[in-house]
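J.: Got a structure for you, questions after.
Throughout, read-outs are computed from the coordinates displayed, never taken from laboratory work. It should be emphasised that the depicted structure is a prediction, and the values quoted were computed from it without experimental measurement. Because the Cβ atoms are built from the backbone with ideal geometry, glycine has one as well, and the counts that use them run over all protein chains shown.
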Amino acid sequence: PFYYETKMAFVIWLLSPYTRGASLLYRKFVHPTLSRKEKEIDTYIIRARERSYETVVRFGKRGLNMAATAAIQAAAKGQGVLAGRLRSFSMQDLRSIPDET
């Protein structure tokens, strides 16, 4: 009972410039927690950045290899094959190719 009324009172308390509820919660709970875990968060961000770069490079190589293969096949079979072959590729095709490393 009174869930929506309590929720509305809490939101008003958070947003009110007189009570500054959001600022109080941030200063008392969020900021100290983020400050304690800052190095750990930075480490995760660096790892994510490195992994994303490696993933982009890997998928880029696969995509270029597939495009080169399609171009060679098209040259052997005819021009119409190239357009159809390139349109049929998707990210699922790139993921299904085993790594060469």
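J.: Assuming R0 = 30 Å, can you tell me the calculated FRET efficiency for the pair T19 and I41, based on Cβ-Cβ distance, to the nearest 0.05?
T.: 0.55
J.: Using a simple charge model, +1 on the beta-carbon of Lys and Arg, -1 on the beta-carbon of Asp and Glu, nothing else, what dipole does region 2-52 show about its Cα centre, in debye to the nearest 20?
T.: Dipole of region 2-52, to the nearest 20 debye: 140 debye.
J.: Tell me, in nm to one decimal, what length is gained between E50 and T69 on full extension, where the rule is 0.36 nm per residue of separation less the Cα-Cα distance?
T.: The span from E50 to T69 would gain 4.0 nm if fully extended.
J.: Which FRET efficiency value, to the nearest 0.05, do you get for L34 and K61 by plugging their Cβ-Cβ distance into 1/(1 + (r/R0)^6) with R0 = 30 Å?
T.: Details: r = 38 Å, r/R0 = 1.25.
Here the calculated transfer efficiency is 0.20.
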